Each structure stands twice: as C-alpha cells, then as structure tokens.
Amino acid sequence: PPPTTPSSCTATMALASACSFLARNSLNGALSFSSVSARSASPAVIGNAFSRAYAKVVDGLKYYEEHEWIKMDGNVATMGITDHAQEALGDIVFVDLPEVGSTIEAKESIGAVESVKAASDIYTPVSGTVLEVNSALADEPGTVNSDAYGNGWMIKLDLTKPAELDSLMDAAAYEKFCESS
C-alpha cells in the first residue's frame with residue numbers, strides 16, 4: 001500500500017485520528033500500514049489501536065448523544081464535552097459558559113465551544129441550577145483538548161430531575177454510538 005500520512009487520512013475521523021497518531025509516533029513521519037503490521041504488531045493489535053485511537057472513553061461517566069459527559073457526586077453533576085467532541089473540533093480557542101445561578105433544562109444549549117476549525121453549541125443532558133463554572137477555561141480553553149475529562153470540565157449542576165440520568169449512555173454504549181456515527 002502507499003505510505004500513509006496525516007494528509008491522506010480524510011475518510012473518517014477515526015481513521016484520520018489513527019493515522020495522525022501513527023504518524024506522530026513513527027520515526028520518519030511517513031509510515032505505511034503494512035510496515036506497521038509487519039514490523040510492530042499483529043493485525044488484531046493494529047485493529048484495536050485504530051478503533052481506540054480516535055477517542056478516550058471513561059468508565060463511570062454518563063454520556064449524551066451530543067458528546068457531553070456527566071460525572072455524578074451526590075446530587076451534583078460535573079459536565080464537559082467528550083474526548084470525541086474535542087478531537088472533532090480541533091484546537092479549542094474559546095469557551096462560552098452559562099452564569100452561576102442559571103436554571104437550565106435538559107437538551108438546552110448552555111454555551112458554545114469555538115475552535116480553529118468550527119464552533120459548536122454545548123448541550124446539557126440534564127436539568128439543574130448552575131453551581132459553578134470552570135472559569136479557568138476563559139484563559140486556557142485548550143485545557144478541554146488536553147484534559148477533557150479532568151481539568152477541562154465546564155460546569156457543575158445541582159440536579160433538579162435526577163431521573164434524566166437514566167436516559168444517558170454508559171461508557172460501552174457511548175463507545176458503540178461513536179463507532180456507528
């Protein structure tokens with residue numbers, strides 16, 4: 001097969017991310033799929049690397065179809081965008097978040113994320129009152145790219161309708177959702 005470089009990987013986001021990962025981690029930046037499988041690993045290992053290279057999914061979180069995640073601590077939900085979403089957006093340059101004290105309803109746009117490639121609304125999968133926003137993102141929006149499930153969190157909500165959590169996906173279901181999208 002012809003050499004595979006990041007610029008030739010445009011078919012799907014998963015393939016593009018996998019190619020980018022392989023190119024970044026190769027010695028000469030021009031790496032062919034056959035040379036990877038022949039020199040480095042079995043086809044099963046390569047297949048697993050391609051299927052997981054596109055995005056990190058964390059067990060124990062709840063996921064929404066618009067690519068937001070929720071982590072529960074009692075009745076407080078911490079929310080952010082998924083690794084899949086930040087990967088699709090590219091380098092994030094601005095994050096617009098709601099005001100503390102705002103009351104929001106499930107499936108409502110609560111702000112936006114802007115990147116060098118696109119802008120995207122942020123949707124909350126659950127209803128509640130905003131307790132806290134991650135004000136550090138105003139100065140360091142790229143934290144969402146580097147730590148989507150940690151320091152890249154966006155808001156904390158006091159849930160008003162905890163039963164809405166039941167409609168969200170677990171990690172395995174979200175991973176399948178991403179693979180089929």
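Numerical summary
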| item | result |
| --- | --- |
| Criterion: of a type outside the set (Lys, Arg), in a strand (DSSP E or B) and either more than 20 Å from GLY60 (Cα to Cα) or open to solvent by less than 20 Å² (accessible area, probe 1.4 Å) (or both) - qualifying residue of VAL100, VAL95 | VAL95 |
| Criterion (within 19 Å of LEU61 (Cα to Cα), in contact with a strand residue (DSSP E or B) (Cβ under 6 Å, 6 or more places away or on another chain) and open to solvent by 70 Å² or more (accessible area, probe 1.4 Å)) met by exactly one of THR160, THR82, THR124, THR78 | THR160 |
| Flag if ALA88 is open to solvent by less than 60 Å² (accessible area, probe 1.4 Å), at pLDDT below 95 and not in a strand (DSSP E or B) | yes |
| Where LEU165 falls short, out of the listed (1) over 16 Å from ASP91 (Cα atoms); (2) free of Cβ contacts under 8 Å to residues at least 60 places away in the same chain | (2) |
| Flag for ALA41 being modelled with pLDDT under 95, open to solvent by 20 Å² or more (accessible area, probe 1.4 Å) and among the aliphatic types (A, V, I, L, M) | yes |
| Residue that is modelled with the lowest pLDDT, among those in the range 44-85 that are among the aromatic types (Phe, Trp, Tyr) and over 14 Å from ALA171 (Cβ atoms) | PHE50 |
| Of all residues in the range 163-181 being open to solvent by 80 Å² or more (accessible area, probe 1.4 Å) and out of contact with any helix residue (DSSP H, G or I) (no Cβ under 8 Å at 6 or more places or on another chain), the one that is nearest to GLU87 (Cα to Cα) | SER181 |
| Subset of the range 151-178 [of a type outside the set (Val, Ile, Thr) and in a loop (DSSP other than H, G, I, E, B)] | ASN151, GLY152, TRP153, MET154, LYS161, LEU168, ASP170 |
| Pair list, Cβ under 9 Å, 6 or more apart: the range 135-153 residue in contact (Cβ under 8 Å) with a residue 60 or more places away in the chain, other residue surrounded by fewer than 16 Cβ atoms within 10 Å (Cβ to Cβ) and not in a loop (DSSP other than H, G, I, E, B) | GLY152/SER146 |
| Qualifying residue in the range 107-120 (condition: closer than 21 Å to LYS56 by Cβ, open to solvent by 40 Å² or more (accessible area, probe 1.4 Å) and modelled with pLDDT of 95 or more) | no |
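The values are calculated or read from the model by the stated rules, or taken from the named source; none is laboratory data. The structure displayed is predicted, hence computed values, not measured ones. A quick note on method: Cβ atoms are made from the backbone with ideal geometry, for glycine too, and the neighbour counts reach across all protein chains shown. Remember, those area values only see protein heavy atoms, side chains included, never the ligands or the DNA or RNA. Shrake-Rupley method; radii C 1.70, N 1.55, O 1.52, S 1.80 Å.
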